[in-house]
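The values are calculated or read from the model by the stated rules, or taken from the named source; none is laboratory data. The structure displayed is predicted, hence computed values, not measured ones. Note that we place each Cβ from the backbone using ideal geometry, even for glycine, and neighbour counts take in every protein chain shown. Heavy atoms of the whole protein, side chains included, go into the accessibility calculation; ligands, DNA and RNA do not. Shrake-Rupley method; radii C 1.70, N 1.55, O 1.52, S 1.80 Å.
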Amino acid sequence: MTDARIARLHGRRVWDSRGRPTIEVEAHLAGGAVGRAIAPAGASTGRGEALDLRDGGARFGGLDVRLALNAVNTTIAPALAGLEATDQEAVDRLLIGLDGTADRSRLGGNAIVATSMAVLHAAAAARGEPLWLHLSRGRPVRTPLPEIQIFGGGAHADRRVDVQDFMVMCPAASSFSEALDWTAEIYRTAGELLRKAGKLQGVADEGGYWPAFDSNEEALETLTRAIEAAGLRPGTQVAISLDVAASQFGKSGVYTLALDDRTLDSGALIEMLGSWIEQYPILSVEDPLAEDDHAGHAEFTRRYGHLCQVIGDDFLVTDARRVHAAAAAGEANAVLIKPNQAGTVTEALAALRAGRQAGFSTIVSARSGESEDVTIAHLSVGWDAGQLKVGSFSRSERMAKWNEVLRIEEALGESAEFSGWSALPFATTESAAVRP
Ligand code: PGA
Ligand code: ZN
């Protein structure tokens, strides 16, 4: 291993997949190793997330990152100089202490996460290892089950439909690459169905088709038909995964589905989602209720948690303490892991471990604002998370992650084990597979 002490950090402004400014950090180590990472950005954020520091004012709609960039180059860089890049916990502890706020608003969650991930990359480079291998520390790893968006909605498509993500999972595929093969066919056939119906209107923020549907359920019907038209069996080979992102259309137990022209209370929303679970091959639901609706989450998990993965995103915000609390209260059975929600790599790993300890399944996830950065592909394999959610099957900021896992799968060679059904929190694969 070359000398892994941090010699120099450099922050620069680059642009994300929505054409908005973001931060890239480069970490240079004493022995010459270099690591680089770009901060992603959410649009449907949870209240408890680490905050991105944005300049405000008129420039770029107030989204410029000069303040956060300044924090990297003048505050963070000198403070981290000399630290061992391989001691990620020490680096992250220092970053958290330097910021000193609970929501990372002083230096900026964007400045902190880009630094934390850049140092991680540099440490792997100093060891001469690919990042996933550096993270796995010799433990066995699996390639992740991908959750791939076919239709995008909610905050990512001007609220054209209320549900944010209509995704597919291919747990019966024999490998990660086969799961992508199947998804490619589904994405293509879904596009064909929309074109024939005169409803093809381009793509949403994460690359899924912009959903010109008349109801939320029409999206479910079309997706089920697309799976069949691709020559695959809904339920047994390919399942539907939803991110309801209910905080975006409800709070305090009142939910307004604009497309369906209905206002529901928590119980009625649970009933509606339950009827979808019974009628369509849905095996995963994220954020079925709003982030403040703890009783609703507990009720939903009690009723459907044996049939379906129940993922906490907005209300767990990649926070180990919240994951423990949700597990104790039975409010989910899976946790989404977004490094920039937590703030640092160490905190994201702590949330993943908390989930694993609780028997939750774990899903490493991108944000709606992304870049060519592929760190999360490595985290999903190196931490053996089991699942990876990146958005759709178009737009290069999404494809970059899928393609990176293909490279990792190839590097793993014969020993590449695909997580498939084992990634999901059901007692048996059969209990899931017998459903519609
Ligand atoms: P984001 O949301 O727009 O905040 O990245 C993605 C998600 O809800 O999973
Ligand atoms: Zn979500």
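Numerical summary
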item: Scope the stretch 368-387; condition of a type in the set (Val, Ile, Thr) and either touching a strand residue (DSSP E or B) at 6+ places or on another chain (Cβ under 7 Å) or open to solvent by less than 10 Å² (accessible area, probe 1.4 Å) (or both); matching residues; result: Thr375, Ile376, Val381
item: Residues (of a type in the set (S, T, N, Q) and open to solvent by 10 Å² or more (accessible area, probe 1.4 Å)) located in the stretch 101-149; result: Thr101, Ser105
item: Residue ID - most open to solvent (accessible area, probe 1.4 Å), chosen from residues in the stretch 169-193 that are of a type in the set (Gly, Ala, Ser) and farther than 19 Å from Gly386 by Cα; result: Ala184
item: Scope the stretch 56-76; condition open to solvent by less than 20 Å² (accessible area, probe 1.4 Å) and closer than 21 Å to Ala342 by Cα; matching residues; result: Val65, Ala68, Ala71, Val72, Ile76
item: Qualifying positions in the stretch 33-48 - open to solvent by less than 30 Å² (accessible area, probe 1.4 Å) and closer than 20 Å to Val119 by Cα; result: Ala33, Gly35, Ala37, Ile38, Ala39, Pro40, Ala41
item: Condition broken by Leu98, with the remaining ones in (1) in contact (Cβ under 8 Å) with a residue 40 or more places away in the chain; (2) surrounded by fewer than 24 Cβ atoms within 10 Å (Cβ to Cβ) satisfied; result: (1)
item: Number of the condition not met by Ala79 [criteria: (1) free of Cβ contacts under 8 Å to residues at least 40 places away in the same chain; (2) crowded, with 24+ Cβ neighbours inside 10 Å]; result: (2)
item: Candidates Gly391, Gly359, filtered to the one that is of a type in the set (Gly, Ala, Ser), assigned to a strand (DSSP E or B) and on the phi > 0 side of the Ramachandran plot; result: Gly391
item: Residue identified as more than 16 Å from ligand 2 (Cβ to nearest atom), surrounded by 23 or more Cβ atoms within 10 Å (Cβ to Cβ) and not acidic (Asp, Glu) among Val390, Val405; result: Val405
item: Breaking point among (1) of a type outside the set (Val, Ile, Thr); (2) more than 16 Å from ligand 1 (Cβ to nearest atom); (3) open to solvent by 10 Å² or more (accessible area, probe 1.4 Å), for Asp319; result: (2)
item: In the stretch 335-361, the residues that are touching a strand residue (DSSP E or B) at 6+ places or on another chain (Cβ under 6 Å), within 14 Å of ligand 1 (Cβ to nearest atom) and open to solvent by less than 10 Å² (accessible area, probe 1.4 Å); result: Val335, Leu336, Ile337
item: Selection from the stretch 132-176 of residues that are of a type in the set (Gly, Ala, Ser), touching a strand residue (DSSP E or B) at 6+ places or on another chain (Cβ under 9 Å) and within 16 Å of ligand 2 (Cβ to nearest atom); result: Gly152, Gly153, Gly154, Ala157
item: Count of residues meeting criterion [open to solvent by less than 30 Å² (accessible area, probe 1.4 Å), more than 16 Å from ligand 2 (Cβ to nearest atom) and among the charged types (D, E, K, R)] in the stretch 279-316; result: 0
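Results for (1) assigned to a loop (DSSP other than H, G, I, E, B); (2) open to solvent by 60 Å² or more (accessible area, probe 1.4 Å); (3) small (Gly, Ala, Ser), shown as yes or no for each residue.
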{"residue": "Arg12", "(1), (2), (3)": "no, yes, no"}
{"residue": "Gly19", "(1), (2), (3)": "yes, no, yes"}
{"residue": "Glu24", "(1), (2), (3)": "no, no, no"}
{"residue": "Ala27", "(1), (2), (3)": "no, no, yes"}
{"residue": "Gly31", "(1), (2), (3)": "yes, no, yes"}
{"residue": "Ala50", "(1), (2), (3)": "yes, no, yes"}
